[in-house]
1. Name the residue that is farthest from Ala275 (Cα to Cα), counting only residues in the range 8-57 that are in a helix (DSSP H, G or I) and charged (D, E, K, R).
2. Can you tell me which residue among Tyr209, Tyr284 is of a type in the set (Phe, Trp, Tyr) and within 25 Å of Phe150 (Cβ to Cβ)?
3. Among the residues of the range 246-270, which ones are under 28 Å from Ile69 (Cβ atoms) and assigned to a strand (DSSP E or B)?
4. May I ask you to list pairs of residues, at least six apart or on different chains, whose Cβ atoms are under 6 Å apart, with the first in the range 277-295 being within 11 Å of Asn90 (Cα to Cα) and in contact (Cβ under 8 Å) with a residue 12 or more places away in the chain and the second being outside any strand (DSSP E or B) and basic (Lys, Arg)?
5. Residue by residue through the range 127-162, note down the ones that are in a helix (DSSP H, G or I), β-branched (Val, Ile, Thr) and more than 17 Å from the chain's Cα centre (by Cα).
6. Can you name the condition, by its number, that Pro177 falls short on among (1) in contact with a strand residue (DSSP E or B) (Cβ under 8 Å, 6 or more places away or on another chain); (2) part of a helix (DSSP H, G or I); (3) not aliphatic (A, V, I, L, M)?
7. Quick check on this structure: which one of Ala272, Ala262 is open to solvent by less than 30 Å² (accessible area, probe 1.4 Å) and touching a residue at least 60 places away in the same chain (Cβ under 8 Å)?
Amino acid sequence: MAFTAAVLGLGNIGRCVIRSLEQAPDFTCVGVVRRATSIGTTTYDLRGVPDFPSFDDLLNNVERPDVVIMGLPSRLSPHAAAELLSRGFNTVDSFDIHDRIVEVVGTLENKAEKGRAVAVTAAGWDPGTDSIMRTMFEAMAPVGTTFTNFGRGRSMGHSAACRSLPGIADATAITIPLGGGRHSRHVFVVLEKGCTQEQAYETIKADPYFAHDPLNVTVVRDSKELEMVADASHGVLMERVGASGAANNQHLTMEMRIDNPALTAQILVASARAAVRLCQMEKYGCYTLIDIPPIMLLPGDRMELLGRLV
């Protein structure tokens, strides 16, 4: 079965979503919504996909998409998704502010049910596929402790949060694992005129993204120098030590080293597939990845997938 998708935003995530859709055997990308001032630029990133200054402009020129994939900063995604769900469009996003996920699911659940649509939120790698692994680890060893150690690598969510703060013209946030699920943040910033390093530190430290972790702030001259530390590599080491029944000392480990935006985009496309299928089954509402049967994320025939993967 073939699906159609629209992409909202053409930043790091949006560009990689277009490439993932291009490789998917069952998807066509009908268009991208981006800033009006950017229309017609960066044609390579568009890969031949038409771009539009608004979602209504997209609808007036191409077929109605089965799903809208968000390439927006996390803080903008819930509001944009709520509006689209109210209009009956399925949405997928990689919202990554962990302590707000339950709140966002509740809000989008209401909008999706009223719009007879499906939302999949927090559909990146963490939260997202790492959430599935934490769930499975807990099922395998119900009594125990799981540590999720990120990095070393660039956090897109933390970087976007920094760039939205007053006094900061550009920023890259690097996550450094300390072990035991603890992390420090090293933020490289380009300052706006009049902002000092001390002011930037206090502003960043007050943001919920950074308030709970050790923080270092380094000032660089310009965005060109910032590129020297802004590679897309990242990773995670997840460990659980616990007990299965009466047997203790179970040690479960999952590790990966990744290109951050590319993996996030791939998970968004897989989640978009599941969103459309759930909508076709009239199972309206808001889901996270631990709510969705994994087989719904994959293209292809169910029995063939069972034979190959089970």
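1. Taking the range 8-57 and keeping what is in a helix (DSSP H, G or I), we get 12-23, 36-38, 43-46, 55-57.
Checking the rest, the ones that are also charged (D, E, K, R) come to 15, 19, 22, 45, 56-57.
Working: Arg15: 21, Arg19: 19, Glu22: 18, Asp45: 25, Asp56: 21, Asp57: 24 Å.
Among residues in the range 8-57 that are in a helix (DSSP H, G or I) and charged (D, E, K, R), the one farthest from Ala275 (Cα to Cα) is Asp45.
2. Only one candidate qualifies: Tyr209.
3. Residues satisfying the conditions are Met254, Glu255, Met256, Arg257, Ile258, Asp259.
4. Final answer for the pair search is Tyr284/Arg116.
5. Of the range 127-162, the ones in a helix (DSSP H, G or I) are 129-140, 156-162.
Within this subset, residues satisfying the condition of being β-branched (Val, Ile, Thr) are 129, 132, 135.
Listed by number, the list holds a single entry, Thr135.
6. Against the list (1) in contact with a strand residue (DSSP E or B) (Cβ under 8 Å, 6 or more places away or on another chain); (2) part of a helix (DSSP H, G or I); (3) not aliphatic (A, V, I, L, M), Pro177 comes up short only on (2).
7. Details: Ala262 fails: open to solvent by less than 30 Å² (accessible area, probe 1.4 Å).
Ala272 is the lone residue from the list that is open to solvent by less than 30 Å² (accessible area, probe 1.4 Å) and touching a residue at least 60 places away in the same chain (Cβ under 8 Å).
Condition check ((1) within 18 Å of the chain's Cα centre (by Cα); (2) more than 30 Å from His186 (Cβ to Cβ); (3) small (Gly, Ala, Ser); (4) open to solvent by 30 Å² or more (accessible area, probe 1.4 Å)) across all residues:
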{"residue": "His212", "(1), (2), (3), (4)": "no, no, no, yes"}
{"residue": "Ser223", "(1), (2), (3), (4)": "no, no, yes, yes"}
{"residue": "Asn249", "(1), (2), (3), (4)": "no, yes, no, yes"}
{"residue": "Met256", "(1), (2), (3), (4)": "yes, no, no, yes"}
{"residue": "Tyr287", "(1), (2), (3), (4)": "yes, yes, no, yes"}
{"residue": "Ile295", "(1), (2), (3), (4)": "no, yes, no, yes"}
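The values are calculated or read from the model by the stated rules, or taken from the named source; none is laboratory data. Computed from a prediction, not measured in an experiment: that's the story for all the values here. Heads up, the Cβs are rebuilt from the backbone with ideal geometry, glycines too, and the neighbour counts pull from every protein chain shown. The accessibility values were calculated without ligands, DNA or RNA, using every heavy atom of the protein model including side chains. Shrake-Rupley method; radii C 1.70, N 1.55, O 1.52, S 1.80 Å.
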